[in-house]
Amino acid sequence: MDKDLKIVIPFVIVFILLVQIAQMHYEIRELRGELESLKDQQEQFSRIIWEEYRRDIYAAIDHLRETRPDIMEKLGNVSLTVGSIFSWSFEADYDPKKGVFWMWHNLNGWKERDVVYVRVSAYYPSNGSRVPGFPWITYRINHTTGEVLGITEDTAQAAVMRAYWKLFDNISATLRIDQNESRGRCGGSVGSVADKGIWLHVEFECVSAENTSLRWLIMGEVDERTGVLKRLEITKPFPGSCERDDELRIRELLDKIPFRNATVEGIKQKITDTAGGLIFNLTFPNP
């Protein structure tokens, strides 16, 4: 290699590195500017949400305080706030640590234009972290009047399945299913309907063990105003597995259950007759 070239190469390398460092510095400065702009935009969106939906948010929080003494007694030294809020045109999650909403536009055309959905959350005021185990509760709010219309379908589902899993060991014992021999479990939502102040939510469950595979249906009634579980019913089991063919057969069977324009009692009777009766029929007192 030429002697002069050997002398020049280190300077060229240093020059290239300096150019790269300068470019990185410029890009970092641009990124910081974008982050500051995003932060300002986020704070602006948060102010707009609070100004427009403050009444709806506090209506949901106050409604929970008034109707769920069972939850309030367990909270202790924590605070209630909005966990998320969404409507037909946007969704936003609230960050209690930073006091801002993370918002994105999402056209939910199936949602009512004048209804806002507010999920209530609990957090520790000392550090802003969310309280673990706080139940999933979302309310429908009339944005024009500020009236709480009741809980949402997913809130009813959460209440039903929370109670079901607490009872699962007892259910397994009744059905003589050894969970240590369980080879698989599957299940899913069948449907929900609101009727006369009650949400009825229905799910199916299947457990496959060494010598048997059984399916059953879960029916839960939840007070539409409070979100309190009123009744939980488990049907008698019938043969079935998590295999695809069995899955299709149970779906075809359940598709015959009319959820649209049906009453709670009508659906429950159809399901009970289809399964051949109940093994659990539990009622729950008001909290």
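Assorted remarks:
- For Glu224, the stated conditions hold: it is in contact with a Gly (Cβ under 7 Å, 6 or more places away or on another chain), touching a residue at least 40 places away in the same chain (Cβ under 8 Å) and among the charged types (D, E, K, R).
- Scanning the range 236-277 for residues that are farther than 17 Å from Lys196 by Cα, aliphatic (A, V, I, L, M) and touching a helix residue (DSSP H, G or I) at 6+ places or on another chain (Cβ under 9 Å) returns Leu253, Leu254, Ile257, Ile271.
- Flag for Gly99 being small (Gly, Ala, Ser), under 17 Å from the mean Cα position of the chain (by Cα) and farther than 30 Å from Leu214 by Cβ: no
- Qualifying residue in the range 243-251 (condition: of a type outside the set (A, V, I, L, M), modelled with pLDDT of 90 or more, farther than 30 Å from Ile141 by Cα and surrounded by 14 or more Cβ atoms within 10 Å (Cβ to Cβ)): no
- Scope the range 192-223; condition farther than 22 Å from Pro239 by Cβ and in contact with a helix residue (DSSP H, G or I) (Cβ under 8 Å, 6 or more places away or on another chain); matching residues: Ser192, Val193, Ala194, Asp195, Lys196, Ile198, Trp199, Leu200, His201, Gly220, Glu221, Val222
- Scanning the range 63-115 for residues that are out of contact with any Gly (no Cβ under 7 Å at 6 or more places or on another chain), closer than 17 Å to Asn127 by Cα and either touching a residue at least 60 places away in the same chain (Cβ under 8 Å) or not charged (D, E, K, R) (or both) yields Leu75, Gly76, Asn77, Val78, Ser79, Leu80, Thr81, Val82, Gly83, Gly99, Val100.
- Residue match in the range 176-189 (condition: in contact with a Leu (Cβ under 6 Å, 6 or more places away or on another chain), touching a residue at least 24 places away in the same chain (Cβ under 8 Å) and not basic (Lys, Arg)): no
- Take the conditions (1) polar (S, T, N, Q); (2) in contact with an Asp or Glu (Cβ under 8 Å, 6 or more places away or on another chain); (3) part of a loop (DSSP other than H, G, I, E, B); Thr138 misses just one of them, which is (3).
- Lone qualifier among Ser213, Ser192 - being buried (at least 19 other Cβ atoms within 10 Å of the Cβ), assigned by TED's automatic domain parsing to the domain that holds Thr274 and over 18 Å from the mean Cα position of the chain (by Cα): Ser213
- Single residue of Ala163, Ala92, Ala159, Ala122 found to be farther than 19 Å from Glu224 by Cα, at pLDDT 90 or above and in contact with a Leu (Cβ under 9 Å, 6 or more places away or on another chain): Ala122
- Criterion (surrounded by 16 or more Cβ atoms within 10 Å (Cβ to Cβ) and not hydroxyl-bearing (Ser, Thr, Tyr)) met by exactly one of Arg176, Arg162, Arg119, Arg113: Arg119
The values are calculated or read from the model by the stated rules, or taken from the named source; none is laboratory data. This is a predicted model, so every value here is computed, not measured. Cβ sites come from the backbone with ideal geometry, for glycine too, and all protein chains shown count toward neighbours.
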